[in-house]
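To start, the structure itself, in structure tokens.
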Amino acid sequence: MDEDQGEPEIGRIREAAEAADWSAVRDQLTERPESEDRTWLINAVAKTANVENWIPQAVEAEPGSALPLLVAGARHVNWAWEARTGARAEHVSREQFQVFHNRLRTAEKWLYAAAEREPEWVSPWYFLQMSGRGLQVGQTVARRRFEAAVRRHPHHLGAHQQQLQQLCDKWGGSHEEMHAFATQAVREAPAGSMLGQLVALAHIEQWLALDSGADAEYLGQPGITASLTEAAERSIWHEDFAYGQGWLQVYNTFAMAFSLTGDRDLAKLCFDGTNGIVTAFPWNYLDAADPAAAYRENRSAAGR
């Protein structure tokens, strides 16, 4: 499994973050203009353990800069979710929720400060989508944060992924709202956009929400395969497919979706496109302990 998703830059910035080398982290981030690509790099830093221990010093050392504020906020969002874990709410303790919410509130202060200093940046709004879901700001506020992100970067994959999560039934939305959002986003996106992933994710999310038996019945409907095929044709199978940051995750998502529907030939096409590289998401939905094992099992079933 490739944690860097085929992007050497992600590995380099993670190594710098692990070494608490703010200078190297800052230099790599400033080489990229504020964009979806930089969001991915910041996310790699945000997922790195112990960044919370040294990033406050960078904030203090550069009082006029938005970048350390952004990184501090992003790390605290991920650090908060680490405390909560991915368990259902009924399996999260009161103490975990308290730590979760405290860290998210700290994150929001830093992220809003970064957004105020750099009003054209999209990344603060991406992470505010994540913190807002945890703080249960509600659908109206969440929508405003998503809209703030896409005003700055209309086809930002991460921002759309976060809004899709917000519209899931488990977060107070509905299956209907989730699918409508995914379909509209894909149809309004340029041909070859990575946003095609949203349709596959929406079907996977509904499958996850259903009980055993009903989940297989749902994915067995002919309309599901047709929906996935249309999205893939507008995305990964289009001649103008945009191989930007995250493209491997998009291929892996379609591979999993077609595997779940039992469309082995279509799944095989998607597995071929991954070049044998596994991304943790979405395979961790099938095997949180070993996403690569889930990938291999389904790739084998597809005859790859």
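Any read-out appearing in this document is the output of simple, stated calculations on the displayed coordinates, not a laboratory observation. A quick note: this is a predicted structure, and the numbers were derived from the prediction, not measured. Note: ideal-geometry Cβ built from the backbone for every residue, glycine included; neighbour counts use all protein chains shown.
Descriptive notes on the structure:
- Take every pair of alpha-carbon atoms less than 8 Å apart whose residues are at least six positions apart; their mean separation over the length of the chain yields a relative contact order of 14 percent.
- Annotation: peptides 295-301, 91-97, 38-44, 61-67, ranked by per-residue average of other Cβ atoms within 10 Å with the highest first, follow the order 38-44, 295-301, 61-67, 91-97.
- Helix 8-18 vs. the chain, principal-axis angle (Cα, 0 to 90°, nearest 10): 40
- Applied to the stretch 165-177, the Karplus parametrisation 6.51 cos²θ - 1.76 cosθ + 1.60 on θ = phi - 60° returns per-residue 3J(HN,Hα) values of 4, 4, 8, 5, 4, 5, 10, x, x, 8, 4, 5, 5 Hz, with x for Gly and Pro.
- Across the stretch 259-266, rounded Karplus estimates of 3J(HN,Hα) from the backbone phi angles (6.51 cos²θ - 1.76 cosθ + 1.60, θ = phi - 60°) give 5, 5, 7, x, 8, 5, 5, 5 Hz, Gly and Pro being marked x.
- Our coupling estimate for the stretch 86-102, obtained by passing each phi through the Karplus curve with A = 6.51, B = -1.76, C = 1.60 and θ = phi - 60°, is x, 5, 4, 3, 5, 9, 10, 6, 4, 5, 4, 5, 5, 5, 3, 5, 4 Hz, Gly and Pro reported as x.
- Rounded tilt (10° steps) of 291-301 against the dominant C-alpha axis of the chain: 20
- Reach of Lys109 by Cα under 21 Å, taken over lysines that are not fewer than 8 positions away in the same chain: Lys47
- In degrees, nearest ten, helix 139-152 long axis to first principal axis of the chain (Cα): 80
- Cβ crowding within 10 Å, taken as a proxy for footprinting-reagent exposure, orders Ile236, Ile204 from fewest neighbours to most as Ile204, Ile236.
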